[in-house]
């Protein structure tokens, strides 16, 4: 600005210059204003300092004349009031303009004595800084001049408060309130810059998910849960490795090592951090600990996007939690394929029931002594528009996750009953049993028994001609509901088989009280019969159990001659598997039923 001719114009000019100051321009504009004030008041130098009362320091933010860029670092850039001389120390809480005389030994060195005018920057009752002017030799300050400096100091204080507020807003925009760590917004910006073309890589991401924090919240309350989260955040920041840490909310954290890092090195870092986070925490007299699941993914600058990298890390941590938690999973190309398949399936599955894309295939159940077909198991298939014929393993899990399992199960039951009735009307399959798999969702759905009975009545199926298969794990999940449902099915004339029997959810103590007709030996115990003594011991035990309870027994997954012969030798005569027949479409199943048997060559 042009130096004004009077104090009123001077204050107005300073106000105009400071009005548009931002954090980025504050230092430059303040320095220029100080230069104009030095010229107007005919002094030798000026300075502007800000105080930080949290740590009792004063920081130089602008001065005139400016310090040369080639000069050594200013030893007075930051001054601790506890270490300062008494004259300087009084500025920490200065409330009124003060005129001081500095002797050569104190501040002016060889240039002799000086007159120093110090004007406080005030915010309410707090001194937030000081505006100072130094004149070597003599200088008398008039009251009007000090009043003008008081007004100018107030303007500088307003700028200081505005910039502090802007800094606080920027901080809050990029940081998590609870822990002080970076938030999702800051993480996205950081990864965008790290993954830019030409940046060093690879860039590793470690996705942390606390296992079962809800137990702490439920037991000790959310305040304790928040305290636990804060302690984990502090532990993540420990160690010598420089890293960017963000909390995404809840119990999820992301760590991005500052240095380029391979997947193997990132996995090693994950193990070190996991060990630190598992250490016990004392809260309200309780020694608490939680396990941590960690997903690791690596991105290449210029090739991968932030969204891609975070999606991979998220998928990896889901894999870790799916494996039971408390483990570390590194993203692989196979996971990428699974993600693509799952997303594709979820996108198309919503309309698949009405679109006619579902079909039923049937797996014969055979008496391996004679080849006679005793039953057939209905298996749903999905004729996917781009991926061909999909088996249930590929889409049933997705159906359960988006609450379509019940609707899908009803479709299978009705259509299997309808086709079964058509076969019988054509004179085939009159003595066989139709087996249909039931999902856990269906078993606990109100009105399920009635819906099964209605389907059998609608298609004219005899009592005992339909058997519903439930997995052993489902039986023990809610035994009271299961018992009521199975009793209702028995009353409606529906048989019940326990599928995948022997896989670890033992219902031995329940068999005598449950209305079960059939046990199906899980294929994992059948496939290696003849070469695995442990599997043979389990199969023999299940055979004995079925005989003791008077239950039918079916072996699943029979694929070898020796397996079939072993089953026959130990008294299991009913089986299904690729050795006997693969799942076939309904028309082919009808032809097999017309023939009545499949060829067997191992008896």
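The values are calculated or read from the model by the stated rules, or taken from the named source; none is laboratory data. Everything quoted here is computed from the prediction, not taken from an experiment. FYI the Cβ positions are ideal-geometry reconstructions off the backbone, even for glycines, and counts take in every protein chain you see.
Sort out which residues of region 242-289 are surrounded by fewer than 13 Cβ atoms within 10 Å (Cβ to Cβ), in contact (Cβ under 8 Å) with a residue 60 or more places away in the chain and within 21 Å of the chain's Cα centre (by Cα), and write them in order of number. Passing the criteria: only 249. Whether any residue in region 457-474 is farther than 16 Å from residue 414 by Cβ and free of Cβ contacts under 8 Å to residues at least 12 places away in the same chain is what I want to check. Taking every residue of region 457-474 in turn, none turns out to be farther than 16 Å from residue 414 by Cβ and free of Cβ contacts under 8 Å to residues at least 12 places away in the same chain. Each residue in region 157-174 was checked for being surrounded by 14 or more Cβ atoms within 10 Å (Cβ to Cβ) and either within 22 Å of residue 102 (Cα to Cα) or touching a helix residue (DSSP H, G or I) at 6+ places or on another chain (Cβ under 7 Å) (or both), and 3 pass. The set of residues in region 64-82 that are closer than 18 Å to residue 94 by Cβ and either in contact with a helix residue (DSSP H, G or I) (Cβ under 7 Å, 6 or more places away or on another chain) or in a loop (DSSP other than H, G, I, E, B) (or both) comprises 76, 79, 81. Exactly one residue among 382, 411 is outside any strand (DSSP E or B), assigned by TED's automatic domain parsing to the domain that holds residue 578, touching a strand residue (DSSP E or B) at 6+ places or on another chain (Cβ under 7 Å) and at pLDDT 80 or above, and that residue is 411. Against the criterion of being within 22 Å of residue 135 (Cα to Cα), within 48 Å of the chain's Cα centre (by Cα), in the same structural domain as residue 153 (by TED's automatic domain parsing) and surrounded by fewer than 18 Cβ atoms within 10 Å (Cβ to Cβ), residue 85 does not qualify. Of the residues in region 197-215, at least one is part of a helix (DSSP H, G or I) and under 19 Å from the mean Cα position of the chain (by Cα). Looking across region 306-328 at every residue that is in contact with a strand residue (DSSP E or B) (Cβ under 8 Å, 6 or more places away or on another chain) and assigned to a loop (DSSP other than H, G, I, E, B), the one that is farthest from residue 246 (Cα to Cα) is identified as 323. Within region 329-356, the residues that satisfy the criterion of being at pLDDT 80 or above, part of a helix (DSSP H, G or I) and loosely packed, with under 14 Cβ neighbours inside 10 Å are 333, 334, 355.
Looking at 347, 287, which is the one that is over 17 Å from residue 205 (Cα atoms) and in the same structural domain as residue 412 (by TED's automatic domain parsing)?
Numbers: 287 fails: in the same structural domain as residue 412 (by TED's automatic domain parsing).
Matching residue, one of 347, 287: 347.
Would you confirm whether any residue within region 483-497 is under 33 Å from the mean Cα position of the chain (by Cα) and at pLDDT below 95? For region 483-497, residues under 33 Å from the mean Cα position of the chain (by Cα) and at pLDDT below 95: absent. Examine region 455-478 for a residue that is out of contact with any helix residue (DSSP H, G or I) (no Cβ under 9 Å at 6 or more places or on another chain), part of a loop (DSSP other than H, G, I, E, B) and under 30 Å from residue 428 (Cα atoms), and state whether such a residue exists. Looking for residues that are out of contact with any helix residue (DSSP H, G or I) (no Cβ under 9 Å at 6 or more places or on another chain), part of a loop (DSSP other than H, G, I, E, B) and under 30 Å from residue 428 (Cα atoms), one finds at least one in region 455-478, hence yes.
Could you list, in sequence order, the residues of region 523-534 that are surrounded by fewer than 22 Cβ atoms within 10 Å (Cβ to Cβ) and free of Cβ contacts under 8 Å to residues at least 40 places away in the same chain? Steps first, please.
Narrowing region 523-534 to residues surrounded by fewer than 22 Cβ atoms within 10 Å (Cβ to Cβ): 523-524, 527-528, 530-534.
Across region 523-534, the qualifying residues are 524, 527, 528, 530, 531, 532, 533, 534.
Residue 143: more than 26 Å from residue 41 (Cα to Cα) and exposed (fewer than 13 other Cβ atoms within 10 Å of the Cβ), yes or no? Lay out the reasoning, then the answer.
Details: more than 26 Å from residue 41 (Cα to Cα): no; exposed (fewer than 13 other Cβ atoms within 10 Å of the Cβ): yes.
No.
When each of 223, 216 is tested for being surrounded by 12 or more Cβ atoms within 10 Å (Cβ to Cβ) and in the same structural domain as residue 284 (by TED's automatic domain parsing), the lone residue that passes is 216. Scoring residue 564 on the criteria (1) in a helix (DSSP H, G or I); (2) within 47 Å of the chain's Cα centre (by Cα); (3) loosely packed, with under 13 Cβ neighbours inside 10 Å; (4) in contact (Cβ under 8 Å) with a residue 24 or more places away in the chain leaves a single failure, condition (3). In the set (1) surrounded by fewer than 17 Cβ atoms within 10 Å (Cβ to Cβ); (2) within 16 Å of residue 354 (Cβ to Cβ), residue 393 fails one condition alone, (2).
Does region 357-378 hold any residues that are touching a residue at least 60 places away in the same chain (Cβ under 8 Å), within 24 Å of residue 438 (Cβ to Cβ) and either within 34 Å of the chain's Cα centre (by Cα) or surrounded by fewer than 16 Cβ atoms within 10 Å (Cβ to Cβ) (or both), and which are they? Before the answer, list the steps.
Taking region 357-378 and keeping what is touching a residue at least 60 places away in the same chain (Cβ under 8 Å), we get 359-377.
Now narrow it down to the ones that are within 24 Å of residue 438 (Cβ to Cβ): 359-366, 373-377.
Answer for region 357-378, where residues must be touching a residue at least 60 places away in the same chain (Cβ under 8 Å), within 24 Å of residue 438 (Cβ to Cβ) and either within 34 Å of the chain's Cα centre (by Cα) or surrounded by fewer than 16 Cβ atoms within 10 Å (Cβ to Cβ) (or both): just 359.
The numbered conditions (1) outside any loop (DSSP other than H, G, I, E, B); (2) touching a strand residue (DSSP E or B) at 6+ places or on another chain (Cβ under 6 Å) are all true for residue 43 except (1).
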